Amino acid sequence: MYDHIRKKLASGETIILDGGTGTDIQRRGVPMSSSTWCAEANVTHPAVVREVHADYIKAGADIIIANTFATSALLFNALGRDDELLEIDRAAVAVARDAAKGHAVAVAGSMSTMRPVVAGSDRTSRQKEWPEAEARRLFRRKAENLAAAGVDLIMMEMMRDTDYSVWASEAAIATRLPVWIGISVERHGGKLTGFGREDQDFEAVARVLAALKPEVISIMHTSPNDTDEAIDVLRKYWKGPIGAYPESGYFKMPEWTFVDIIPPEELVAKSRTWKQKGVTAFGGCCGLGPDHIKALAEAFPS
(Lines give C-alpha, C1' and ligand atoms only; values in the text may rest on other atoms or scores of the structure.)
Protein backbone atom coordinates (compact mmCIF):
# COMPACT_ATOMS: atom_id res chain seq x y z
CA MET A 1 0.00 0.00 0.00
CA TYR A 2 2.99 2.32 -0.24
CA ASP A 3 2.90 2.96 -3.99
CA HIS A 4 0.37 5.78 -3.72
CA ILE A 5 2.46 7.40 -0.96
CA ARG A 6 5.55 7.25 -3.16
CA LYS A 7 3.61 8.88 -6.01
CA LYS A 8 2.43 11.66 -3.70
CA LEU A 9 5.99 12.28 -2.56
CA ALA A 10 7.25 12.41 -6.13
CA SER A 11 4.60 14.92 -7.19
CA GLY A 12 4.79 17.06 -4.03
CA GLU A 13 1.22 16.26 -3.02
CA THR A 14 0.13 16.56 0.59
CA ILE A 15 0.26 13.46 2.78
CA ILE A 16 -1.77 13.27 6.00
CA LEU A 17 -0.32 11.29 8.90
CA ASP A 18 -2.19 10.11 11.96
CA GLY A 19 -1.99 11.67 15.41
CA GLY A 20 -0.69 10.50 18.77
CA THR A 21 -1.58 6.81 19.01
CA GLY A 22 -0.32 6.11 22.52
CA THR A 23 -1.87 9.22 24.00
CA ASP A 24 -5.21 8.55 22.31
CA ILE A 25 -5.17 5.00 23.70
CA GLN A 26 -4.68 6.57 27.15
CA ARG A 27 -7.42 9.11 26.48
CA ARG A 28 -9.83 6.21 25.94
CA GLY A 29 -9.22 4.81 29.40
CA VAL A 30 -6.52 2.19 28.88
CA PRO A 31 -4.13 2.13 31.87
CA MET A 32 -0.55 3.01 31.07
CA SER A 33 2.34 0.85 32.31
CA SER A 34 4.82 2.37 34.73
CA SER A 35 7.67 0.78 32.78
CA THR A 36 6.54 0.41 29.14
CA TRP A 37 3.91 3.17 28.78
CA CYS A 38 1.39 2.12 26.08
CA ALA A 39 3.15 -0.99 24.75
CA GLU A 40 1.03 -3.61 26.52
CA ALA A 41 -2.21 -2.15 25.14
CA ASN A 42 -1.61 -4.07 21.91
CA VAL A 43 -2.27 -7.34 23.74
CA THR A 44 -4.46 -6.24 26.66
CA HIS A 45 -6.77 -3.84 24.78
CA PRO A 46 -6.45 -4.61 21.04
CA ALA A 47 -10.00 -3.45 20.33
CA VAL A 48 -9.21 0.02 21.67
CA VAL A 49 -5.96 0.20 19.69
CA ARG A 50 -7.86 -0.79 16.54
CA GLU A 51 -10.49 1.87 17.28
CA VAL A 52 -7.78 4.53 17.51
CA HIS A 53 -6.36 3.51 14.14
CA ALA A 54 -9.85 3.37 12.61
CA ASP A 55 -10.67 6.87 13.85
CA TYR A 56 -7.49 8.27 12.30
CA ILE A 57 -8.35 6.59 9.00
CA LYS A 58 -11.87 8.02 9.18
CA ALA A 59 -10.35 11.45 9.88
CA GLY A 60 -8.39 11.26 6.62
CA ALA A 61 -4.96 9.82 7.41
CA ASP A 62 -2.97 8.41 4.48
CA ILE A 63 -0.57 6.65 6.86
CA ILE A 64 -1.27 5.10 10.25
CA ILE A 65 1.57 4.12 12.57
CA ALA A 66 1.31 0.83 14.46
CA ASN A 67 1.63 1.15 18.23
CA THR A 68 5.27 0.01 18.34
CA PHE A 69 7.07 3.15 19.52
CA ALA A 70 7.12 2.08 23.17
CA THR A 71 8.34 -1.43 22.36
CA SER A 72 11.79 0.04 22.08
CA ALA A 73 14.60 -2.44 21.60
CA LEU A 74 16.66 -0.64 24.25
CA LEU A 75 13.84 -0.36 26.78
CA PHE A 76 12.76 -3.98 26.52
CA ASN A 77 16.35 -5.15 26.65
CA ALA A 78 16.89 -3.15 29.84
CA LEU A 79 13.81 -4.89 31.26
CA GLY A 80 14.99 -8.35 30.15
CA ARG A 81 11.99 -8.73 27.80
CA ASP A 82 13.58 -9.03 24.35
CA ASP A 83 11.33 -11.84 23.11
CA GLU A 84 8.14 -10.22 24.39
CA LEU A 85 8.94 -7.18 22.25
CA LEU A 86 8.70 -9.32 19.12
CA GLU A 87 5.34 -10.78 20.17
CA ILE A 88 3.87 -7.40 21.07
CA ASP A 89 5.04 -5.85 17.80
CA ARG A 90 3.46 -8.65 15.77
CA ALA A 91 0.18 -8.06 17.61
CA ALA A 92 0.42 -4.30 17.05
CA VAL A 93 0.99 -4.63 13.31
CA ALA A 94 -1.86 -7.15 12.99
CA VAL A 95 -4.25 -4.74 14.70
CA ALA A 96 -3.17 -1.84 12.48
CA ARG A 97 -3.42 -3.94 9.31
CA ASP A 98 -6.91 -5.05 10.31
CA ALA A 99 -7.99 -1.43 10.82
CA ALA A 100 -6.54 -0.46 7.43
CA LYS A 101 -8.23 -3.31 5.56
CA GLY A 102 -10.26 -1.99 2.64
CA HIS A 103 -8.71 1.49 2.80
CA ALA A 104 -5.97 3.09 0.70
CA VAL A 105 -3.87 3.56 3.82
CA ALA A 106 -0.25 2.58 4.43
CA VAL A 107 0.71 0.96 7.72
CA ALA A 108 4.00 2.04 9.27
CA GLY A 109 5.97 0.41 12.04
CA SER A 110 7.48 2.80 14.58
CA MET A 111 11.02 2.44 15.89
CA SER A 112 12.43 4.51 18.73
CA THR A 113 15.50 4.68 20.95
CA MET A 114 13.33 5.00 24.07
CA ARG A 115 15.02 3.88 27.28
CA PRO A 116 13.61 3.61 30.80
CA VAL A 117 11.98 6.94 31.68
CA VAL A 118 12.28 8.60 35.09
CA ALA A 119 8.94 8.26 36.88
CA GLY A 120 6.83 11.43 36.87
CA SER A 121 8.88 13.07 34.10
CA ASP A 122 9.71 12.89 30.41
CA ARG A 123 13.43 12.50 31.06
CA THR A 124 15.34 9.41 29.98
CA SER A 125 17.33 7.47 32.55
CA ARG A 126 20.94 7.52 31.36
CA GLN A 127 22.25 4.91 33.79
CA LYS A 128 22.64 2.20 31.15
CA GLU A 129 24.52 2.43 27.86
CA TRP A 130 24.82 -0.24 25.18
CA PRO A 131 27.98 -1.02 23.19
CA GLU A 132 27.46 -0.12 19.54
CA ALA A 133 27.50 -3.73 18.31
CA GLU A 134 24.88 -4.79 20.85
CA ALA A 135 22.64 -1.80 20.16
CA ARG A 136 22.82 -2.44 16.42
CA ARG A 137 21.91 -6.11 16.98
CA LEU A 138 18.86 -5.15 19.03
CA PHE A 139 17.71 -2.54 16.52
CA ARG A 140 18.19 -4.97 13.64
CA ARG A 141 16.11 -7.61 15.43
CA LYS A 142 13.20 -5.22 15.88
CA ALA A 143 13.39 -3.83 12.34
CA GLU A 144 13.44 -7.29 10.77
CA ASN A 145 10.49 -8.34 12.93
CA LEU A 146 8.45 -5.33 11.82
CA ALA A 147 9.24 -6.12 8.18
CA ALA A 148 8.24 -9.77 8.65
CA ALA A 149 5.02 -8.68 10.37
CA GLY A 150 4.01 -6.83 7.21
CA VAL A 151 4.49 -3.08 7.64
CA ASP A 152 4.64 -0.98 4.48
CA LEU A 153 7.31 1.38 5.83
CA ILE A 154 9.23 2.12 8.99
CA MET A 155 8.93 5.40 10.86
CA MET A 156 11.97 6.26 12.96
CA GLU A 157 10.49 8.37 15.75
CA MET A 158 12.10 10.69 18.28
CA MET A 159 15.53 10.39 16.70
CA ARG A 160 17.66 12.84 18.64
CA ASP A 161 21.35 12.00 18.64
CA THR A 162 24.29 11.07 16.46
CA ASP A 163 24.82 7.61 17.92
CA TYR A 164 21.76 5.49 18.78
CA SER A 165 19.55 7.25 16.24
CA VAL A 166 22.01 6.50 13.45
CA TRP A 167 22.37 2.84 14.45
CA ALA A 168 18.60 2.39 14.67
CA SER A 169 17.94 4.15 11.36
CA GLU A 170 20.58 2.09 9.58
CA ALA A 171 18.93 -1.09 10.88
CA ALA A 172 15.60 0.05 9.42
CA ILE A 173 17.15 1.01 6.08
CA ALA A 174 18.77 -2.44 5.87
CA THR A 175 15.30 -4.03 5.63
CA ARG A 176 14.93 -2.30 2.22
CA LEU A 177 11.55 -0.95 3.28
CA PRO A 178 10.86 2.77 2.83
CA VAL A 179 12.13 4.65 5.89
CA TRP A 180 10.99 8.01 7.24
CA ILE A 181 13.20 9.58 9.91
CA GLY A 182 11.50 11.76 12.52
CA ILE A 183 13.73 14.06 14.56
CA SER A 184 12.61 15.51 17.91
CA VAL A 185 14.12 18.71 19.26
CA GLU A 186 13.77 21.01 22.23
CA ARG A 187 15.34 24.29 23.25
CA HIS A 188 18.15 24.58 25.79
CA GLY A 189 19.65 27.98 26.53
CA GLY A 190 18.20 29.37 23.33
CA LYS A 191 19.72 26.57 21.22
CA LEU A 192 17.92 23.63 19.61
CA THR A 193 19.14 20.22 20.79
CA GLY A 194 17.97 16.64 20.50
CA PHE A 195 14.94 15.98 22.72
CA GLY A 196 16.26 14.70 26.05
CA ARG A 197 19.80 14.91 24.69
CA GLU A 198 20.92 18.41 25.57
CA ASP A 199 24.45 17.26 24.74
CA GLN A 200 23.42 16.82 21.09
CA ASP A 201 23.32 19.91 18.89
CA PHE A 202 20.38 19.69 16.51
CA GLU A 203 22.42 20.79 13.50
CA ALA A 204 24.78 17.85 14.00
CA VAL A 205 21.86 15.44 14.39
CA ALA A 206 20.17 16.78 11.24
CA ARG A 207 23.40 16.53 9.26
CA VAL A 208 24.20 12.89 10.08
CA LEU A 209 20.61 11.66 9.68
CA ALA A 210 20.17 13.47 6.37
CA ALA A 211 23.30 11.69 5.12
CA LEU A 212 21.46 8.37 5.50
CA LYS A 213 19.14 9.43 2.64
CA PRO A 214 15.77 8.19 3.91
CA GLU A 215 12.58 8.80 1.94
CA VAL A 216 11.40 11.61 4.23
CA ILE A 217 12.71 13.49 7.25
CA SER A 218 10.17 14.92 9.68
CA ILE A 219 10.30 17.26 12.62
CA MET A 220 8.10 15.45 15.11
CA HIS A 221 7.30 15.32 18.83
CA THR A 222 8.53 18.90 18.98
CA SER A 223 6.75 21.99 20.25
CA PRO A 224 4.87 23.75 17.44
CA ASN A 225 6.73 26.90 18.48
CA ASP A 226 10.14 25.30 17.83
CA THR A 227 9.14 23.45 14.67
CA ASP A 228 9.57 26.52 12.42
CA GLU A 229 13.24 26.99 13.29
CA ALA A 230 13.88 23.26 13.21
CA ILE A 231 12.55 23.07 9.64
CA ASP A 232 14.83 25.92 8.61
CA VAL A 233 17.87 24.18 10.11
CA LEU A 234 16.93 20.84 8.55
CA ARG A 235 16.68 22.47 5.12
CA LYS A 236 20.41 23.25 5.27
CA TYR A 237 21.18 19.54 5.10
CA TRP A 238 18.12 17.94 3.53
CA LYS A 239 16.62 18.72 0.11
CA GLY A 240 14.11 15.87 0.07
CA PRO A 241 10.50 15.70 1.34
CA ILE A 242 9.81 17.02 4.84
CA GLY A 243 7.07 16.15 7.32
CA ALA A 244 5.87 17.92 10.46
CA TYR A 245 3.88 16.34 13.28
CA PRO A 246 4.29 18.20 16.59
CA GLU A 247 3.28 17.27 20.13
CA SER A 248 1.20 19.30 22.58
CA GLY A 249 0.94 18.94 26.35
CA TYR A 250 3.63 17.13 28.34
CA PHE A 251 4.58 13.69 29.63
CA LYS A 252 4.80 12.64 33.26
CA MET A 253 5.71 8.97 33.07
CA PRO A 254 3.54 6.94 32.66
CA GLU A 255 0.81 9.32 31.44
CA TRP A 256 0.41 12.18 29.02
CA THR A 257 -0.90 15.41 30.53
CA PHE A 258 -3.43 17.04 28.20
CA VAL A 259 -2.74 20.66 29.15
CA ASP A 260 -2.76 23.66 26.78
CA ILE A 261 -3.32 21.41 23.78
CA ILE A 262 -3.08 23.36 20.54
CA PRO A 263 -6.57 23.68 18.99
CA PRO A 264 -7.05 22.02 15.57
CA GLU A 265 -7.46 25.38 13.83
CA GLU A 266 -4.16 26.64 15.26
CA LEU A 267 -2.41 23.46 14.13
CA VAL A 268 -3.78 24.08 10.64
CA ALA A 269 -2.54 27.68 10.72
CA LYS A 270 0.93 26.52 11.82
CA SER A 271 0.91 23.83 9.14
CA ARG A 272 0.14 26.41 6.45
CA THR A 273 3.30 28.23 7.52
CA TRP A 274 5.27 24.99 7.39
CA LYS A 275 3.86 24.26 3.94
CA GLN A 276 5.35 27.55 2.76
CA LYS A 277 8.71 26.22 3.99
CA GLY A 278 8.32 23.13 1.81
CA VAL A 279 6.65 20.66 4.18
CA THR A 280 4.28 18.24 2.44
CA ALA A 281 3.43 15.66 5.16
CA PHE A 282 1.35 16.79 8.12
CA GLY A 283 0.05 15.08 11.24
CA GLY A 284 0.24 15.07 15.01
CA CYS A 285 2.19 13.36 17.76
CA CYS A 286 1.49 13.01 21.49
CA GLY A 287 -1.55 14.91 22.74
CA LEU A 288 -3.06 15.46 19.28
CA GLY A 289 -6.02 13.33 18.25
CA PRO A 290 -8.48 12.55 15.43
CA ASP A 291 -10.00 16.05 15.50
CA HIS A 292 -6.61 17.51 14.64
CA ILE A 293 -6.10 15.06 11.79
CA LYS A 294 -9.58 15.71 10.42
CA ALA A 295 -8.85 19.45 10.39
CA LEU A 296 -5.57 18.89 8.55
CA ALA A 297 -7.19 16.57 5.99
CA GLU A 298 -9.89 19.16 5.29
CA ALA A 299 -7.36 21.99 5.04
CA PHE A 300 -5.02 20.10 2.70
CA PRO A 301 -7.20 17.92 0.45
CA SER A 302 -5.24 15.64 -1.88
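The values are calculated or read from the model by the stated rules, or taken from the named source; none is laboratory data. None of the values given here were measured: they were computed from a predicted structure. We place every Cβ from the backbone using ideal geometry, glycine too, and count neighbours over all the protein chains shown. To get the accessible areas, we keep the full protein, side chains included, count just its heavy atoms, and leave off ligands, DNA and RNA. Shrake-Rupley method; radii C 1.70, N 1.55, O 1.52, S 1.80 Å.
Observations on the structure shown:
- Carbon/sulfur fraction of accessible area - the range 1-99, other protein chains in place, 1.4 Å, %: 51 percent
- Our estimate of slack between GLU84 and THR273, defined as 0.36 nm per intervening residue step minus the Cα-Cα distance, is 63.8 nm.
- Treating r as the C-beta distance of ALA133 and ALA10 and R0 as 45 Å, the FRET efficiency rounds to 0.75.
- Gain in span if fully extended, MET1 to TYR237, counting 0.36 nm per residue against the direct Cα distance: 82.0 nm
- Formal net charge of residues neighbouring GLY60 (Cβ-Cβ distance under 11 Å; K, R +1; D, E -1): -2
- Whole-number accessible area per residue in Å² for the chain, which is evaluated in the context of all protein chains at 1.4 Å: 38 Å²
- According to the Kirkwood relation over distinct C-alpha pairs, the hydrodynamic radius of the range 138-289 is 15.7 Å.
- A straight line joining the Cα centroids of the range 62-76 and the range 186-250 runs 19 Å.
- Matching label, percent of Cα pairs over 23 Å apart computed from the structure shown, candidates [x] 68; [y] 59; [z] 49: [z]
- Annotation: extensible slack from GLU265 through ARG207 equals 17.6 nm (criterion: 0.36 nm per residue apart, minus Cα-Cα distance).
- Per-selection Kirkwood Rh - the range 85-178 (Cα, Å, 1 d.p.): 14.3 Å
- Cα-based radius of gyration of the range 21-82 once divided by 2.2 N^0.38 Å, which approximates compact folds: 1.16
- Within straight-line reach of LYS294, meaning a Cα separation under 30 Å, sit the following lysines at least 8 residues removed in sequence or on another chain: LYS7, LYS8, LYS58, LYS101, LYS239, LYS252, LYS270, LYS275, LYS277.
- Counting only heavy atoms of the protein chains and using a 1.4 Å probe, ILE261 has close to 50 Å² of accessible surface.
- Proximal aspartates and glutamates to LYS191, defined as alpha-carbon separation beneath 13 angstrom and excluding residues fewer than eight positions away on the same chain: ASP199, ASP201, GLU203, ASP226, GLU229
- In the range 2-135, the alpha-carbon atoms span a convex hull of 135 Å³ per residue.
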